[in-house]
Structures are given as C-alpha cells and as structure tokens.
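Colleague: First the structure, which I've put down as structure tokens, then a few questions once you've had a look.
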Amino acid sequence: MVKPVVEEKQFEVQGKSVAAQLWHPKILTTNEAALPIIALHGFLDNSGSFTELAPRLAEYSLLALDLQGHGKSDHRSADASYNVWDDISGIITISQQMNWDRFYLLGHSRGAIVAALLAAIKPQLVAKLVLLDGFMPAPIPEEEAPQQLARATEDSLKPIKPHRICTDLDPFIQVRRSGRYPLSVHAAMHLMARGVRRSPKGYHWAHDPRLNHASQFKLSQPQIEAFIEAITCPSQLLIATKGAVGLAEQTKSLLNYSSNIEIEQLPGSHHFHLEPGSVDAVASAVRSFLLKPC
C-alpha cells in the first residue's frame, strides 16, 4: 500500500477555525485526473475516522474535516446550533478555499446525512456521492414538530456542563469501546488523537457538549423523499452488516425515490471503514465505484 503524504490544514469559516487533514497522492497513477475527495465524519468523531481508509485511496487527494464542534476545530458560537444542515455552508466555503469547483463527497454516519443533503442542494459541486453506513435522518411526523422544538429549547436553557477531566486516556477509550457503536482499541486510538484534548489538569473530550442537544427541527418523511429525489449524481451506499440499526430497512423504502444509488452490504461494524479487519473491503468498493465512468 502506497502511503500518501498527510498535511494538517486550517480554514476560516464565519470567523471560526475548522481543522482538517489532507492526504496527498505520493505518486501519480493512471487515475491522475481524478477529482479530490471531501470526507465527513460521524457524530462525535473527527477526521481521524478516515486514517485507515485514506491511505487505501492513495491515488486521490482526500480532505477529511473536523466538522465544527469536533476534533481540533472551534466550537460554534453560543447562539449557534448543530443541526445537520448547519455544516453545509462551511463545507462549500472550504471547497472554495481549496479552489475545488467539483469534487467527490464521502460521508460516514452523520457525515453521510450532511453529504446527502449537500449533494441534493448543490448538484453542480458533487460529481459522485459515497455514503458509509448512513443516509438520511430518521423522519418525524409533522405533528411532533412542537415537541421537538420544545426539547431543543429546554436543552438550550440548561447550563453547559464542562467535560470531566481524567488523568489518562483509558476512560475515554473504554467509553468508545462500550458505546452504541463499539470500537476496537485500534480504531478508538485513531479517534482519540483528535477527539481528546490535554490541559494542565488532565485529559477531556474535545467536542462541544452542545452537540448532544436536541435539534430544533427534524425532517418529515415527505421532505426526506424530496431530498432523495434531488440527488442526481451517481451515488453509492455501503451498509455494514453490524452497523447502524435499522439502516437497511430504512433504505428499502427511501430508495424507491432514487434510481441512481447503488447499495452494497459489507461485513463489519458501524466503523467498518476504520477497523483493520473490514477497511480493505470498504476501500475496494469505494475505489471501484469512483473509477466507473459517469
């Protein structure tokens, strides 16, 4: 496997710093005209999520972001929110700063939702869309919108509790190993490199605690269907066999509204693109899809 050069990047988005990692191709290949890739991580993850996958796509320039509130990026201002669509304008701003007027877009979990929404509203930017164990948010009935806003309002009125401080990394690793989507120690350490910060008193999570607040609004089923219909670029959805609960069932109905999304199920957990035992299959599937002529 040819290892690409990795470069730390910083971007300014609406007065805030957004960090990223850029994997450069070390050598040109027969695919030297390939478009760059922008990669978006999942909820409470960071660009370290692509540490295993990026070297396996070494013929591409791959820019993996620490989305705002995650990793080494700044937290949003006190009056801002973390709805999934709030990331879209920042991603477009970063693509402009990179002088990329067209690119491949790759997203995992929550990042896949953001990627799908972006591809739907800015089809001129996204040449191909790759979704890793994530697709669209779970819809809510329209009549539940008042309760959803009520939950978000209550969250916004609560005092922000600072992250606990620990003297070593083990408690953080254990949290990621025993969470909703358990990780191996190997995968957890990739995320710890940017997901935990060190202070004079010890270690603490890097992410903004407000990421756990309820969203003000969620999309209804008709709205989600409209977004799916608006995705016109060739798209690939890779589903992990032990991944996001209900994703396979959800896509069966949602994909009735799209004829250009290829679906493939691969062995592995929700972070199958980060785990050593499954990442090779993910990389092979992604590469094959990207190499297909449009």
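Colleague: Can you figure out the FRET efficiency of N212 with E264, using R₀ = 30 Å and their beta-carbon distance, to the nearest 0.05?
Modeller: Numbers: r = 32 Å, r/R0 = 1.06.
For R0 = 30 Å, the calculated efficiency reads 0.40.
Colleague: Another question about this same structure. In 10 Å bins starting at zero, report the fraction of Cα pairs in the stretch 149-234 per bin as a rounded %.
Modeller: Pair shares across the bins are 14, 29, 26, 24, 7, 0.
Colleague: Now a separate question. Using a 7 Å offset from the Cα along the Cα-to-Cβ direction at both R287 and T153, what is the distance between the two label points in nm, to one decimal?
Modeller: My value for the distance between the label points is 5.3 nm.
Colleague: Tell me the relative contact order for the chain as a rounded percent, counting alpha carbon contacts under 8 Å between residues six or more apart. List each step's numbers first, then the result.
Modeller: On the way: 559 pairs, mean separation 57.6, N = 294.
Worked out over the chain, it gives 20 percent.
Colleague: Starting from the Kirkwood Rh over alpha-carbon pairs, what translational D in µm² s⁻¹ does the stretch 63-133 have by Stokes-Einstein at 4 °C and 1.567 mPa s? Before the final figure, lay out each step's value.
Modeller: On the way: Rh = 12.6 Å.
Taking Rh from Cα pairs, D becomes 103 µm²/s.
Colleague: Express the C-alpha Rg of the stretch 146-192 as a ratio against the empirical globular expectation 2.2 N^0.38 Å, rounded to two decimals. Let's see the in-between values first.
Modeller: Details: Rg = 15.6 Å, N = 47, 2.2 N^0.38 = 9.5 Å.
The stretch 146-192 yields a ratio of 1.64.
Colleague: Give, to the nearest whole percent, the P(r) tail of the chain beyond 34 angstrom, counting all Cα pairs. Please report the intermediate quantities before stating the final value.
Modeller: Numbers: 7124 of 43071 pairs.
Summing the P(r) tail past 34 Å for the chain gives 17 percent.
Colleague: Roughly what % of DSSP beta bridges within the chain run antiparallel, to the nearest 5? Don't skip to the answer; put the middle values down first.
Modeller: Working: 18 of 43 bridges.
Among the beta bridges of the chain, antiparallel pairing accounts for roughly 40 percent.
Colleague: When Rg is the radius of gyration of the Cα atoms in the stretch 50-179 and Rh is its Kirkwood radius, what does Rg/Rh come to?
Modeller: Working: Rg = 17.5 Å, Rh = 17.5 Å.
That ratio is 1.00, to two decimals.
Colleague: At T167 and I121, where each label point lies 7 Å from the Cα along Cα→Cβ, what is the point-to-point distance in nanometres?
Modeller: 4.8
Colleague: Taking 20 °C and 1.002 mPa s as the conditions, I'd like the Stokes-Einstein D for the stretch 116-160 in µm²/s, using the Kirkwood hydrodynamic radius from alpha carbon pairs. Present the calculation step by step, with values, prior to reporting the outcome.
Modeller: Numbers: Rh = 13.7 Å.
D, rounded to a whole number, is 156 µm²/s.
Colleague: Ignoring ligands, DNA and RNA, please state the percent of accessible area on the chain from carbon and sulfur, probe 1.4 Å.
Modeller: On the way: 7400 of 13700 Å².
Carbon and sulfur: 54 percent of the exposed surface of the chain.
Colleague: Something else: So what is the calculated 222 nm ellipticity per residue for the chain, using -39500 (n - 2.57) for each DSSP H run with n of 4 or more, over all residues, to the nearest 500 deg cm²/dmol? Display every interim value, and only then the final one.
Modeller: Numbers: 8 runs with 85 residues, N = 294.
After summing the helix terms and dividing by residue count, I get -8500 deg cm²/dmol.
Colleague: Return one whole number: the accessible area per residue of the chain in Å², for a 1.4 Å probe.
Modeller: Working: 13700 Å² over 294 residues.
Result: 47 Å² of accessible area for each residue.
Colleague: Right, another one. Alpha carbon centre of the stretch 82-104 versus the stretch 170-186: separation in Å?
Modeller: The stretch 82-104 and the stretch 170-186 have Cα centres separated by 30 Å.
The values are calculated or read from the model by the stated rules, or taken from the named source; none is laboratory data. From a predicted model like this one, the values you see are computed outputs, not experimental measurements. Note: ideal-geometry Cβ built from the backbone for every residue, glycine included; neighbour counts use all protein chains shown. Note: areas computed on protein heavy atoms with side chains; ligands, DNA, RNA excluded. Shrake-Rupley method; radii C 1.70, N 1.55, O 1.52, S 1.80 Å.
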